[in-house]
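The values are calculated or read from the model by the stated rules, or taken from the named source; none is laboratory data. Since the structure is predicted, the reported quantities are computational estimates derived from the model, not experimental observations. Heads up, the Cβs are rebuilt from the backbone with ideal geometry, glycines too, and the neighbour counts pull from every protein chain shown.
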Ligand SMILES: Cc1cc2nc3c(=O)[nH]c(=O)nc-3n(C[C@H](O)[C@H](O)[C@H](O)COP(=O)(O)OP(=O)(O)OC[C@H]3O[C@@H](n4cnc5c(N)ncnc54)[C@H](O)[C@@H]3O)c2cc1C
């Protein structure tokens, strides 16, 4: 009988199991629904290269993921950003160095931009990511969507569009769906706008992994050996003070406690007996997962660089922006990766990969030239259809939930502890946040 059963072998569950074993707790069993580890990170290939169909970027301040990569000697490279990015909002085009969008805006819009940043700065300053619900204006901010804030505090249409695009790029959901308090919390947990949105400097999109980030999960999974059981979806958890009984379709396991490390929106697919506190169950039921289809397209060479372009497109009139040059150095192919996000993902989910590829090629041809019509390979992954994720990148809170019920995310229930990127105070929604959440849940047990 193990001491601890970890449910879910994404980065959070793997981190929890690893941390427990490092603390000398060897009675750990990890049960994973899929036939692989890594959860919302996933291996794929394009034009013979190993790639990430899910999470992939690393930012310099994501120190837990960086530490794992260093330990396993998995090398990174910088997202290629040399040259100009292609930006278009409201019919106006701009090509700016790196990710400089300033040229898109006239003087009035520029003043609006600065005003919005100042107001956001004031709102974000008193927010403590460990307890965003203690923000002095928590209830008020949680009662409004980001869209409502845009309509009241941002004056120009183009600036509102910019923030709407920021929302679906960060959350894979629309500004009209997300609590303003949750939005501020998410951005601050990722070190603020300049870091969370950038591929330069300290930016969250600064580095990519040679061979993909998913291999880190695979290697940690291998370390666990027999303690990891794949293809074991957990259906129910019976619990009392003495411990837990965890059932999958083929086996029953007993342990002193459990760490549940499934996506926050998947929790209620497990039947708990006795049931979880009603407020917690209802809270998780009402959280939402964003929608995204991630694509990769390969060319014989990165021809956009001939035109002085860095491969980045951020445009409001195509469903498949943003996209980025992600070509690994040391090989010849030109590789672009990007997303159908939020409503764009829902609207293109049923169309199928060939139609999505055509839509992408149109966008690339418009911005990079006719050579874009000759890709050598294309692959995409629709995360809304992934049974054990239910969407991505992370769960977000619609209005009216987070200020009151947010504390329930992490609070243990009897012998059950909670992990998963959604429970992290730092880099929530990201791989780094997932690792931190698993380590925090393990510490709750070892420090008890
Ligand atoms: C397309 C995409 C792009 C992204 N880009 C980035 C990025 O560039 N950088 C970044 O840091 N993050 C990115 N993310 C987010 C990042 O991948 C996630 O935040 C992180 O992987 C979440 O880890 P987790 O362990 O919390 O959850 P998950 O990875 O979802 O792991 C949960 C595990 O629980 C399992 N599970 C679910 N239900 C059960 C059950 N009943 N029984 C047993 N097991 C169960 C699942 O199969 C899964 O393996 C991206 C995600 C996606 C999908």
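Consider segment 1-26 and keep the residues that are near the ligand (Cβ under 9 Å from one of its atoms) and in a loop (DSSP other than H, G, I, E, B). The one that is nearest to residue 40 (Cα to Cα) is 10.
For segment 324-378, the set of residues classified as free of Cβ contacts under 8 Å to residues at least 40 places away in the same chain and closer than 21 Å to residue 45 by Cα consists of 330, 332, 334, 352, 353, 354, 355, 358, 373, listed by residue number.
A count restricted to segment 130-142 and to residues that are out of contact with any strand residue (DSSP E or B) (no Cβ under 8 Å at 6 or more places or on another chain) and closer than 26 Å to residue 112 by Cβ stands at 4.
Out of 103, 110, which single residue is in contact with a strand residue (DSSP E or B) (Cβ under 6 Å, 6 or more places away or on another chain), under 29 Å from residue 304 (Cβ atoms) and without any contact (Cβ under 8 Å) to a residue 40 or more places away in the chain?
103
In segment 179-201, what residues are farther than 21 Å from residue 314 by Cα and touching a strand residue (DSSP E or B) at 6+ places or on another chain (Cβ under 8 Å)? Scanning segment 179-201 gives 179, 180, 182, 186.
The criterion of at least 3 residues that are more than 10 Å from the ligand (Cβ to nearest atom) and not assigned by TED's automatic domain parsing to the domain that holds residue 434 is met, among strands (runs of 3 or more DSSP E) falling completely within segment 229-320, by 292-299, 309-315.
Here's the yes/no breakdown for (1) within 27 Å of residue 327 (Cβ to Cβ); (2) touching a helix residue (DSSP H, G or I) at 6+ places or on another chain (Cβ under 6 Å); (3) surrounded by fewer than 19 Cβ atoms within 10 Å (Cβ to Cβ):
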position: 165; (1), (2), (3): yes, no, no
position: 168; (1), (2), (3): yes, no, no
position: 173; (1), (2), (3): no, no, no
position: 176; (1), (2), (3): no, yes, yes
position: 179; (1), (2), (3): no, yes, no
position: 182; (1), (2), (3): no, yes, no
position: 208; (1), (2), (3): yes, no, no
position: 212; (1), (2), (3): yes, no, no
position: 218; (1), (2), (3): yes, no, yes
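Evaluated against (1) under 19 Å from residue 343 (Cα atoms); (2) surrounded by fewer than 19 Cβ atoms within 10 Å (Cβ to Cβ); (3) within 16 Å of the ligand (Cβ to nearest atom), residue 161 falls short on exactly one condition, (3). Which residue is farthest from the ligand (Cβ to nearest atom), if the candidates are limited to segment 429-448 and must be crowded, with 18+ Cβ neighbours inside 10 Å and not in a helix (DSSP H, G or I)? Step by step, filter segment 429-448, then rank; the result is 429.
On the stretch given as segment 184-195, residues that are within 11 Å of the ligand (Cβ to nearest atom) and surrounded by fewer than 22 Cβ atoms within 10 Å (Cβ to Cβ) total 0. Considering each residue of segment 30-50 in turn, at least one proves to be in contact with a helix residue (DSSP H, G or I) (Cβ under 6 Å, 6 or more places away or on another chain) and part of a strand (DSSP E or B). Filtering segment 407-428 to residues that are away from the ligand (no atom under 11 Å from the Cβ) and outside any strand (DSSP E or B) leaves 407, 408, 409, 410, 411, 412, 414, 415, 425, 426. I need the full set of residues from segment 61-77 which are within 15 Å of residue 51 (Cα to Cα) and either away from the ligand (no atom under 15 Å from the Cβ) or surrounded by fewer than 16 Cβ atoms within 10 Å (Cβ to Cβ) (or both), in order please. Correct list: 75, 77.
Restricting the search to segment 29-46, which residues are more than 9 Å from the ligand (Cβ to nearest atom) and surrounded by fewer than 20 Cβ atoms within 10 Å (Cβ to Cβ)? Answer for segment 29-46, where residues must be more than 9 Å from the ligand (Cβ to nearest atom) and surrounded by fewer than 20 Cβ atoms within 10 Å (Cβ to Cβ): 35, 43, 44, 45.
The residues listed here are 70, 93, 128, 134; of these, the one that is under 21 Å from the mean Cα position of the chain (by Cα) and without any contact (Cβ under 8 Å) to a residue 24 or more places away in the chain is 128. Counted as qualifying within segment 329-406 are the helices (runs of 4 or more DSSP H) with 3 or more residues that are closer than 30 Å to residue 132 by Cβ and more than 16 Å from the ligand (Cβ to nearest atom), namely 402-405. Sub-7 Å Cβ pairs linking a first residue in segment 392-406 that is in contact (Cβ under 8 Å) with a residue 24 or more places away in the chain and at positive phi to a second residue that is surrounded by fewer than 21 Cβ atoms within 10 Å (Cβ to Cβ) and not in a helix (DSSP H, G or I), at least 6 apart or interchain, are 400/143, ordered by first then second residue. Among the residues making up segment 220-233, those that are touching a residue at least 60 places away in the same chain (Cβ under 8 Å) and either buried (at least 17 other Cβ atoms within 10 Å of the Cβ) or over 19 Å from residue 435 (Cα atoms) (or both) are 220, 221, 224, 227, 228, 229, 230, 231, 232, 233.
Scoring residue 323 on the criteria (1) more than 16 Å from the ligand (Cβ to nearest atom); (2) out of contact with any helix residue (DSSP H, G or I) (no Cβ under 7 Å at 6 or more places or on another chain) leaves a single failure, condition (1).
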